[in-house]
Amino acid sequence: MQCPSDKSKSAMLAYVLKQYGIVIALILICTALSFCSPHFLTWPNLITVTRQISLNGILAVGVTFVLLTGGVDLSLGSLVALTGVVAASFAHPGDYPLIIPVMAGILAGMACGAANGVVITRGRVAPFIVTLGMMTIARGLALVISGGKPVSNMSPSMTRLGGDFLGLPIPVLVLCGISAVSWLFLKNVRLGRYIYAVGGNENAARAAGINVNGVKLLAYTICGAMAGLAGVILAARITTGQPNAGLAYELDAIAAAVIGGTSLSGGIGGVGGTLLGALLMGVINNGLDLLNVSSYYQQIVKGIIIVGAVWLDRKHGK
């Protein structure tokens, strides 16, 4: 028979693992990789890791808003391709100042996100179906706009967005900026608290006078804007707008958010955990690369991580 002290210790251990499990896992993995590869803890490699996770981090922060309302967005990868093509189309040398292609990409993502939100809230169609349809639509639009070819000949000011500033990758600085703003919004702004309320109990939120449809529309619009920002940065990094870019990006973003503690049922999670989830996935991918693990096996590992994250979410969720 288990004595009360044993029960209290078990409860304390469960609480610690729930609250700090991802931090503990990240520390253990980093420690193991530092022993397995002498290159892991070098400054150039750490910069590489942060650069690699920047796009997934931006997308993951965006989809966190949607997941917190109890929804999902499967169109992120296609939106990255579409917005990258749109931004690249306005970024030819001498055509427009830098703000135009950047805003064009972000607005294109916002428009698609808002379209998702309208159909979901007004049409009462399941988010899975709506965003799956948008995945196909956005990919098709990217191919139509680009003529099925990469959009190249981008201005130097545009391509510099994928470079460095004061020795730090600009995409990482952008990720830090939008993460800070998103964290403050969700924690300190009334609309941010409404997002948690809608995901926690939609009927109770509606009874309390919260415009549930408006909150959901806002979440999907923000998610689309983040996808647009990621698309612009990706186009700048690879110096072309690729209509085939972003394949399966949505899975990595959702996985990062769920690994970071955001519940698929809504109402639980936050930006801080999402960033830790993206960092954990990036560290694992980087470590596997350093250890010369085949990309085929890396896909298997990533799949196991995604399934494991969802299983834990269901086991310890609401």
Problem - Segment Ser152-Gln298, length gained on full extension (0.36 nm per residue, minus Cα span) - result: 49.5 nm
Handout entry: Compactness relative to 2.2 N^0.38 Å, alpha carbon Rg of the stretch 8-148
Key = 1.43
Fill in the blank from the handout: In nm, the gap between the two label points placed 7 Å beyond Cα toward Cβ at Val118 and Leu46 is 4.7
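Can you tell me, using C-alpha contacts under 8 Å and at least 6 residues apart, the relative contact order of the chain as a whole percent?
Relative CO of the chain lands at 32 percent.
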Completion exercise
The percentage of Cα-Cα pairs in the stretch 39-316 separated by more than 31 Å is 24
Handout entry: Cut-off 15 Å between beta-carbons: net charge of the residues surrounding Met154, Lys and Arg +1, Asp and Glu -1
Key = +2
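At 0.36 nm per residue, and after removing the present C-alpha to C-alpha distance, how many nm does the segment from His39 to Leu191 gain when stretched out fully? The partial results should precede the final answer.
Working: separation 152, 0.36 × 152 = 54.72 nm, distance 4.43 nm.
Length gained between His39 and Leu191: 50.3 nm.
Show me the trypsin sites (Lys or Arg not before Pro) within the stretch 51-154 that DSSP assigns to loop and that have at most 10 other Cβ atoms within 10 Å of their Cβ.
In loop regions of the stretch 51-154 (DSSP not H, G, I, E or B), the sparsely surrounded trypsin sites (Lys or Arg not before Pro) are Arg124.
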Exercise for the section: Go ahead and set up a Gaussian network model of the chain, Cα springs under 10 Å, then flag whichever of Gly148, Gly105, Gly282 fluctuates most. Expected result: Gly148
Handout entry: Cα-based Lys proximity count in the chain, under 24 Å, for pairs eight or more positions apart or on separate chains
Key = 14
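None of the figures in this text is laboratory data; all of them are computed from the coordinates on show. Treat the numbers as computed from the prediction; the structure is a model and nothing was measured. Counting neighbours? That spans all protein chains shown, and the Cβs are built from the backbone with ideal geometry, glycine included.
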